[in-house]
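Taking it in order: structure first as structure tokens, then the write-up.
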Amino acid sequence: MAKLSKRMRAIREKVDATKQYEINEAVALLKELATAKFTESVDVAINLGIDARKSDQNVRGATVLPNGTGRSVRVAVFTQGPNAEAAKAAGAEFVGMEDLADQIKAGEMGFDVVIASPDAMRIVGQLGQVLGPRGLMPNPKVGTVTPNVAEAVTNAKAGQVRYRNDKNGIIHTTIGRVDFTQEQLKENLEALLVALKRAKPANSKGIFVKKVSLSTTMGAGVAIDQTTLSASI
């Protein structure tokens, strides 16, 4: 068995795995234990009361966090005409049609999000084997296939996060960085939970959000007491 580093031992000693922490206490603890030599992200794992084996209970979507994610997002947009100019004005780094597809086929992947107008999907569809495995394939369910590409670019730049449950019914995404304030992280988490509850499948019965845990890039998970979050959730 591998020997734990001094840092990981310290984290294990300070985090009570049997406890649900008040949100501000949890964030303060995460900040204290975030001792990596880079600014760690704050990630969330949300266990949902769904049967992930059933397609009608899967949860997928996107929402803009009120305080962003702290990440600089580079956007590629497949569109043409006035939409192309609007996408550029909104801040998209890459805009095109066949020419953009050729760049991607040549291995030029300097972007984090791909957006497409519906008329461009005939081109984007040919890139499924390249974009799909990287989680970049545009999809109307997360707002990346849309006639309003400028709005989609603005959302991506403003800190939109996409979410999708895994095979165990768990959502994994980020809500910011450790240099965010406690209030910023709390607001982002609450906004994400509101979006998830709006996306609750009709066939999901019982408790929908079963467990919420926060962690940093290099840290341990801290379970959150959901009663300490906003009453509007």
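The values are calculated or read from the model by the stated rules, or taken from the named source; none is laboratory data. The structure displayed is predicted, hence computed values, not measured ones. Cβ sites come from the backbone with ideal geometry, for glycine too, and all protein chains shown count toward neighbours.
If I ask for residues that are surrounded by 13 or more Cβ atoms within 10 Å (Cβ to Cβ), charged (D, E, K, R) and either more than 24 Å from Leu185 (Cβ to Cβ) or modelled with pLDDT of 95 or more (or both), which ones from the stretch 51-73 would you list?
Scanning the stretch 51-73 gives a single hit, Asp51.
Please identify the pairs in which a residue from the stretch 154-169 that is at positive phi and in a loop (DSSP other than H, G, I, E, B) has its Cβ atom under 6 Å from the Cβ atom of a residue that is crowded, with 19+ Cβ neighbours inside 10 Å and of a type in the set (S, T, N, Q), counting only partners at least 6 apart or on another chain.
That search, which allows pairs on different chains as well, returns Gly159/Thr69.
I need a count of the residues in the stretch 147-164 that are farther than 15 Å from Thr63 by Cβ and crowded, with 20+ Cβ neighbours inside 10 Å.
3
Give all pairs with beta carbons closer than 7 Å in which a residue from the stretch 98-123 that is polar (S, T, N, Q) meets a residue that is surrounded by fewer than 16 Cβ atoms within 10 Å (Cβ to Cβ); count only pairs at least 6 apart in sequence or on separate chains.
Ser117/Pro147
Based on what the data block shows, is Thr35 assigned to a loop (DSSP other than H, G, I, E, B) and crowded, with 19+ Cβ neighbours inside 10 Å?
no
Tell me the residue from Met121, Met109 that is in contact with a Pro (Cβ under 9 Å, 6 or more places away or on another chain) and either in a helix (DSSP H, G or I) or not assigned by TED's automatic domain parsing to the domain that holds Thr63 (or both), please.
Met121
Where residues in the stretch 74-96 are touching a strand residue (DSSP E or B) at 6+ places or on another chain (Cβ under 6 Å), of a type in the set (A, V, I, L, M) and not in a strand (DSSP E or B), which of them is surrounded by the fewest Cβ atoms within 10 Å (Cβ to Cβ)?
So the residue we want is Ala84.
Would you be able to tell me the number of residues in the stretch 45-82 that are within 26 Å of Pro147 (Cβ to Cβ) and of a type outside the set (D, E, K, R)?
Residues flagged as within 26 Å of Pro147 (Cβ to Cβ) and of a type outside the set (D, E, K, R) within the stretch 45-82 amount to 19.
Being more than 30 Å from Thr35 (Cα to Cα), surrounded by 15 or more Cβ atoms within 10 Å (Cβ to Cβ), among the small types (Gly, Ala, Ser) and in contact with an Asp or Glu (Cβ under 8 Å, 6 or more places away or on another chain) narrows it down to one residue among Gly143, Gly219, Gly169; which is it?
After ruling out the rest, the residue left standing is Gly169.
Could you say whether any residue in the stretch 124-137 is charged (D, E, K, R) and either in a strand (DSSP E or B) or over 27 Å from Ala52 (Cα atoms) (or both)?
No: the stretch 124-137 contains no residue that is charged (D, E, K, R) and either in a strand (DSSP E or B) or over 27 Å from Ala52 (Cα atoms) (or both).
Of everything in the stretch 12-32, what is surrounded by 15 or more Cβ atoms within 10 Å (Cβ to Cβ), touching a residue at least 12 places away in the same chain (Cβ under 8 Å) and in a helix (DSSP H, G or I)? Give them in sequence order.
Ile23, Ala26, Val27, Leu29, Leu30, Lys31
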